[in-house]
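Student: Would you mind keeping the following structure in view while I ask a few things?
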Amino acid sequence: MRRLLLIATGLSFASRSALSQTAGETAMQTLAISLGANWEMRRDDTASPLMYSGTGRGTQIDYTWERAGRSAYASLSAGALTLAPSRPVSDPQPEEAFSTYTVETGMRWRLPGGPGRTNELAFGAEFAASAIVTRHMYEDPNQSEQTFFLGDVTLGPTGRWRRRLGMGIVAATLTVPLLAWVQHPYADVRVANGLANLRYASPSQFRQAKGELSYIFRPEDRFGLTAVYSFGLLQIDDLQPVRSVSQSLSIAVVTRFGARP
């Protein structure tokens, strides 16, 4: 499966505030809103045996809470894309209107021995839920459109490594779910009883990995620049298999308010 790359720009707004805690500890909170673009490559045999790819719009809201030794985070993202067959087919070509919604939340604990938040190794757990709606427009005029649904709920370990490098902070995160529940009907969900029940998918049926590599330029300043490379891999081995590969490279202008590190 070939690899994809997307370069996207976005604007982020961050709000940070310091809260006094017991024993003189300080908690840092960040709220970020990002706008940008997405690129997806996927194949869902329920809709079509062809591989589809395309670009579209995306938005994400991130909240983080950090205190000495531990951090918590939550994010909400949504995207709308138009996908077409990755390889040419006879006209008229089929097309997919692809919408995705994701919620992620987790907690990480820093391993002892690190000198601070900007040079650390932390591990924890993440809970995530996603919903994907695919409107497949067929080239056959007798079967013009069907709507398919894929939903999943996952739980698994997550890790983060970060440290100061030059005039900024470099960070890498990786999450690999170990428990998964999937909802993947094999029919048009607009039909009565089209949605199937959420069912457990074993590790041999559901495989997913997602991560990112980011660089925050001058995080102590009110204004900064952040570059983030993200990737996602998904494989569901079911009666109707699903394969998905996504990559992105984003550059964002960041504005910070309140206390800064």
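Student: Could you compute the net charge surrounding residue 42? Neighbours are other residues with a C-beta less than 10 Å from the C-beta of residue 42; K and R count +1, D and E count -1. Kindly include the intermediate steps, with their values, before the conclusion.
Tutor: Working: positive: 43, 243; negative: 40, 44, 96.
Within the 10 Å Cβ shell, the charges total -1.
Student: Please give the solvent-accessible surface of residue 45 in Å², to the nearest 10, using a probe radius of 1.4 Å with every protein chain present.
Tutor: Solvent-accessible area, nearest 10 Å²: 50 Å².
Student: May I ask you to derive the FRET efficiency for residue 76 and residue 186 from their Cβ-Cβ distance with R0 = 25 Å, giving the value to the nearest 0.05?
Tutor: Working: r = 29 Å, r/R0 = 1.15.
Rounded to the nearest 0.05, the efficiency is 0.30.
Student: Keeping all protein chains in the complex and leaving out DNA, RNA and ligands, what accessible area do you get for residue 249 with a 1.4 Å probe, in Å² to the nearest 10?
Tutor: 60
Student: Also, quick follow-up: With each label point set 7 Å from Cα along the Cα-Cβ vector, what nm distance links residue 119 and residue 176?
Tutor: Between residue 119 and residue 176, the label points sit 2.8 nm apart.
Student: Which order do 200, 73 take when ranked by solvent-accessible area (1.4 Å probe, heavy atoms of all protein chains), largest first?
Tutor: Of 200, 73, the descending order of accessible area is 200, 73.
Student: Would you tally the net charge around residue 240, using a Cβ to Cβ cut-off of less than 12 Å, leaving residue 240 out, and scoring K and R as +1, D and E as -1? Mind showing how you got there, number by number?
Tutor: Working: positive: 43, 243; negative: 44, 45, 237, 238.
Around residue 240, the charge tally is -2.
Student: If I ignore ligands, DNA and RNA and count only protein heavy atoms, how much of residue 28 is accessible to a 1.4 Å probe, in Å² to the nearest 10?
Tutor: Surface accessible to solvent at residue 28 totals approximately 20 Å².
The values are calculated or read from the model by the stated rules, or taken from the named source; none is laboratory data. Just so we're clear, the structure is a prediction, and the values are computed from it rather than from any experiment. Heads up, the Cβs are rebuilt from the backbone with ideal geometry, glycines too, and the neighbour counts pull from every protein chain shown. The protein model used for the area step is the full one, side chains on, heavy atoms only, and it has no ligands, DNA or RNA in it. Shrake-Rupley method; radii C 1.70, N 1.55, O 1.52, S 1.80 Å.
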